[in-house]
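Report on the structure given below.
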Amino acid sequence: MKKTLIAATLLLTTGLSGAVLAGSNHDNQPPRERGFERMAEELQLSDEQKAQLEQIREEEHEKFKTLREESKARFDAVLTAEQREKMEELHEQRRERMEERREGREGREHRKPREEESAN
């Protein structure tokens with residue numbers, strides 16, 4: 001049962017992992033968009049290529065969203081009400097930790113690097 005709970009937690013939070021790994025940027029774009037823009041710039045994509053890849057990304061995003069919803073429903077059908085409640089608590093704790101880490105990274109990005117601080 002613990003393996004099922006862990007698997008459910010990992011499955012449902014996978015979508016958030018990419019956002020955390022993408023880091024933070026000052027232009028307030030969602031991490032998903034910042035990553036795409038960086039890739040497009042590095043690969044020197046044409047506008048047509050960007051449009052085609054964006055369409056693929058949107059389709060895949062919708063498929064993944066549907067898969068997560070279906071998986072959650074299947075897990076919920078197996079778990080007891082108490083287990084579902086506990087799983088939601090675990091998800092909330094994970095979301096809070098991720099938010100704390102994200103806020104910590106943003107704070108570091110706004111500070112001057114140590115070398116610049118010591119030179120001033």
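Here are a few things to note about the model shown:
- Pairs where the first residue, in segment 87-113, is more than 20 Å from PRO31 (Cα to Cα) and the second is at pLDDT 90 or above and surrounded by 10 or more Cβ atoms within 10 Å (Cβ to Cβ), C-beta under 9 Å, 6+ apart: MET87/PHE75; MET87/ASP76; MET87/LEU79
- Inter-residue pairs, beta-carbon under 8 Å, first touching a residue at least 24 places away in the same chain (Cβ under 8 Å) and in segment 47-60, second surrounded by 12 or more Cβ atoms within 10 Å (Cβ to Cβ) and not in a helix (DSSP H, G or I), 6+ apart: none
- Listed here are the helices (runs of 4 or more DSSP H) enclosed by segment 10-120 that have at least 1 residues being at pLDDT below 60: 81-110, 114-119.
The values are calculated or read from the model by the stated rules, or taken from the named source; none is laboratory data. If you're wondering where the values come from, they're calculated on a predicted model, not measured in any experiment. Every residue, glycine among them, receives a Cβ derived from its backbone with ideal geometry; neighbour counts consider all protein chains shown.
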